[in-house]
Structure formats: C-alpha cells, structure tokens
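Engineer: Below you will find the structure I want to go over with you.
Read the figures in this text as sums done on the coordinates, not as results from a lab. It should be emphasised that the depicted structure is a prediction, and the values quoted were computed from it without experimental measurement. Counting neighbours? That spans all protein chains shown, and the Cβs are built from the backbone with ideal geometry, glycine included.
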C-alpha cells in the first residue's frame with residue numbers, strides 16, 4: 001500500500017510505509033497470525049485467523065445488518081471464535 005488512503009477502519013495491512021490516511025482501529029505492522037489458504041466454508045478459499053490472532057473480534061458486528069459491504073442481504077451471522 002502506498003499513497004493517500006481514506007480508511008473506513010478495521011483494515012489489516014502489513015506495511016503502511018509511504019502511505020497516509022490510516023485510523024486508530026486499523027492494524028498494521030503486526031503478524032496477523034493467519035492459517036494457510038484453505039476451504040473454510042463459502043465460495044472462495046480464505047485464511048482463517050488462529051485463536052491468538054490480533055484480528056479476532058476486531059471488526060464490526062454485522063449480525064443486525066440488512067446489507068453487507070456490497071449492499072446485499074447477508075446470508076448468515078458472522079463467525080466468532082471463543
């Protein structure tokens with residue numbers, strides 16, 4: 001990532017050098033502790049956060065939303081790890 005960025009928050013970015021616009025709840029320059037690319041359910045492979053990952057429970061709770069980021073009705077509740 002480089003240049004000017006208008007963060008909406010809750011981004012995980014490896015390196016923010018040469019970029020601006022991040023806010024306090026963005027996570028950067030940390031090890032995200034993600035598993036390998038795998039079929040974790042859904043139409044595409046994803047990286048599942050490990051139980052001690054700093055990203056666990058850091059996003060917005062969308063369980064009461066009527067639309068997701070694509071303006072489409074969500075099909076299930078978000079997964080939470082305990």
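Engineer: For mean projected area of the Cα convex hull in nm², pick the label among (i) 11.8; (ii) 5.0; (iii) 6.5 that corresponds to the value derived from the coordinates.
Structural biologist: Read-out from the structure maps to (iii).
Engineer: Give me the Debye-computed log₁₀ of I(q)/I(0) at q = 0.14, 0.16, 0.21, 0.26 Å⁻¹ for segment 3-49, equal point scatterers on Cα only, no solvent, two decimals.
Structural biologist: These q points yield log10 I(q)/I(0) values of -0.46, -0.57, -0.79, -0.92.
Engineer: Set the Förster radius R0 to 25 Å, insert the Cβ-Cβ distance between residue 73 and residue 10 as r into 1/(1 + (r/R0)^6), and round the FRET efficiency to 0.05.
Structural biologist: The calculated FRET efficiency here is 0.75.
Engineer: Based on the mean of other Cβ atoms within 10 Å per residue, sort peptides 25-36, 47-58 so the most packed one is first.
Structural biologist: 47-58, 25-36
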